[in-house]
Amino acid sequence: MLITTTDSIEGQAIEKYLGIVTGEAVFGVGVFADLKAGFSDLVGGRVESYEKELENSKNNALVEMIKEAKILGAHAIVGVDIDYLEFLGKYFMVVVNGTAVILKGFDEGGFPDNFVMPLDLKKPAD
């Protein structure tokens, strides 16, 4: 599964647009993480616990979007957008969306392994 933020894939013609696909992931922030984050904000520095949760949530949301695209029979997802939202002061949500497409004469074997999303859709490790 090719995934790109652009509206096209160089060297590939879009044969058919299948529709919008989305993925969402929500995580809550615990009291300990809030205290640690507050301390990091006070003294400066990165809040690694939040960063790890955001990364995991982004990966989970991408997997959900890819599952939707695979159900539609897509070869790729173009125009991907990733949004990060905070609500109720203690929850974070990652929303990804894009357009699932079929590519004319697509051959997944023609791309390097690191360019194509893996076919197995296992959720990322926590």
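The values are calculated or read from the model by the stated rules, or taken from the named source; none is laboratory data. Given the structure is predicted, the values throughout are model-derived calculations rather than measurements. Positions of Cβ are generated from backbone atoms using ideal geometry, with glycine treated the same way; all protein chains shown enter the neighbour counts.
Tabulated data
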| read-out | value |
| --- | --- |
| Unmet criterion (only one of (1) at pLDDT below 90; (2) surrounded by fewer than 16 Cβ atoms within 10 Å (Cβ to Cβ)) for ILE20 | (1) |
| Any pair with Cβ under 7 angstrom, 6 or more apart, that starts in the range 65-89 at a residue that is under 20 Å from ASP7 (Cβ atoms) and ends at one that is of a type in the set (Phe, Trp, Tyr) | HIS75/PHE106 |
| Positions within the range 77-103 being at pLDDT 95 or above and exposed (fewer than 11 other Cβ atoms within 10 Å of the Cβ), in sequence order | ASP81 |
